[in-house]
1. Can you tell me which residue among 166, 184, 244 is open to solvent by 20 Å² or more (accessible area, probe 1.4 Å), over 27 Å from residue 46 (Cα atoms) and not in a strand (DSSP E or B)?
2. Consider residue 69 carefully, then state whether it is in contact with a Ser or Thr (Cβ under 6 Å, 6 or more places away or on another chain) and either open to solvent by 10 Å² or more (accessible area, probe 1.4 Å) or free of Cβ contacts under 8 Å to residues at least 12 places away in the same chain (or both).
3. Quick one: in the stretch 45-70, which of the residues that are outside any loop (DSSP other than H, G, I, E, B) and more than 24 Å from residue 124 (Cα to Cα) is farthest from the chain's Cα centre (by Cα)?
4. Looking at this structure, is residue 206 in a loop (DSSP other than H, G, I, E, B) and under 28 Å from residue 79 (Cα atoms)?
5. Testing residue 171 on (1) open to solvent by 10 Å² or more (accessible area, probe 1.4 Å); (2) in a helix (DSSP H, G or I); (3) among the hydroxyl-bearing types (Ser, Thr, Tyr), one condition comes back false. Which one is that?
6. On the given criteria, is residue 138 more than 25 Å from residue 201 (Cβ to Cβ) and aromatic (Phe, Trp, Tyr)?
7. Please work out which residue is modelled with the highest pLDDT, limiting yourself to the stretch 187-212 and to residues that are of a type in the set (Gly, Ala, Ser) and open to solvent by 20 Å² or more (accessible area, probe 1.4 Å).
8. Which residues, counting only those in the stretch 223-240, are buried (at least 21 other Cβ atoms within 10 Å of the Cβ) and touching an Asp or Glu at 6+ places or on another chain (Cβ under 9 Å)?
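The values are calculated or read from the model by the stated rules, or taken from the named source; none is laboratory data. Values in this document were obtained by computation on a predicted structure and should not be read as measured data. As a convention, Cβ positions derive from the backbone with ideal geometry for all residues, glycine included, and neighbour counts pool all protein chains shown. Protein only, heavy atoms only, side chains kept; ligands, DNA and RNA dropped before computing areas. Shrake-Rupley method; radii C 1.70, N 1.55, O 1.52, S 1.80 Å.
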Amino acid sequence: MLRKALFGFALAGSTILALNAVAAAASDPYVSGSSGYDFSYVQCGAAAPAASFGIVGVNAGYPFTYYNTCLAAEYAAAARTGNAAVYINTGYDPTYTAIDGRHTTQACANASLTVAGTQPQQAAWAVGCSEAERDAAYASAQSATAPTAWWLDVETANSWSSSDLTLNDYTIQGIVAKLRQVTTAPVGVYSTAFQWGTIAGGYQPAVDANWLATGQRTLKRAKQSCGSVGFTGVRVWLVQYVATYDHDFVC
């Protein structure tokens with residue numbers, strides 16, 4: 001997952017409230033107190049650790065243009081734990097809004113016309129929808145089928161609007177909406193409170209859970225972040241800490 005410098009932001013306006021919705025009920029696939037890991041293209045070829053679950057990155061750091069070529073092997077290894085999930089990289093850039101098949105798809109552009117908002121907001125929603133559409137198709141093609149959860153990796157290292165946070169919010173909403181169409185598995189967000197605030201302001205999307213990147217080096221310190229409401233206003237299911245690889249603990 002990406003960890004780089006943060007950028008400034010302006011608070012999003014009342015449009016955020018219009019986007020908020022109650023998340024669809026989804027069962028929590030994680031057992032409290034258990035431990036897992038997350039792998040992606042960086043760990044390509046590495047042996048998966050012994051764990052209760054694994055979460056595998058679909059992309060190779062960025063949406064649309066980069067994919068994890070080791071997804072099939074890494075997902076198969078995670079599936080041997082009995083609990084394999086995936087995460088996708090997310091982002092918004094005005095260049096993504098062109099209906100070119102590579103970024104925004106015609107189907108998502110058409111669907112965005114029914115979404116309440118300005119034309120730029122609808123275009124941002126279509127970007128998110130297209131990200132999820134492309135990622136779901138790639139995951140399926142790599143035999144990453146029936147993951148126990150889909151996680152959105154929302155980090156400042158990727159491209160986002162710093163002048164109009166509603167465009168970021170609509171992008172995230174488009175991703176969630178498309179995933180709700182293609183899976184009944186829970187949908188959650190991976191981020192930190194600071195990065196989420198920088199990117200999305202006070203937006204609370206209709207997701208089921210949060211996965212908190214604590215930045216800590218030990219489980220003892222990471223566990224201290226359990227028991228709190230997450231950055232999107234829903235429960236924190238997982239906390240991540242970093243050692244020789246990314247470790248994840250179920251709150």
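1. Details: 166 fails: open to solvent by 20 Å² or more (accessible area, probe 1.4 Å); 244 fails: over 27 Å from residue 46 (Cα atoms).
Going through 166, 184, 244 in turn, just one is open to solvent by 20 Å² or more (accessible area, probe 1.4 Å), over 27 Å from residue 46 (Cα atoms) and not in a strand (DSSP E or B): 184.
2. no
3. Of the stretch 45-70, the ones outside any loop (DSSP other than H, G, I, E, B) are 53-57, 59, 67.
In the following step, the residues that additionally are more than 24 Å from residue 124 (Cα to Cα) were identified as 53-56.
Working: 53: 17, 54: 15, 55: 11, 56: 11 Å.
Once the filter is applied, the top-ranked residue is 53.
4. Answer is yes for this residue.
5. Here residue 171 clears every test but (1).
6. For residue 138, the condition - more than 25 Å from residue 201 (Cβ to Cβ) and aromatic (Phe, Trp, Tyr) - is met.
7. Applying the filter and picking the extreme gives 193.
8. Passing the criteria: 237, 238, 239, 240.
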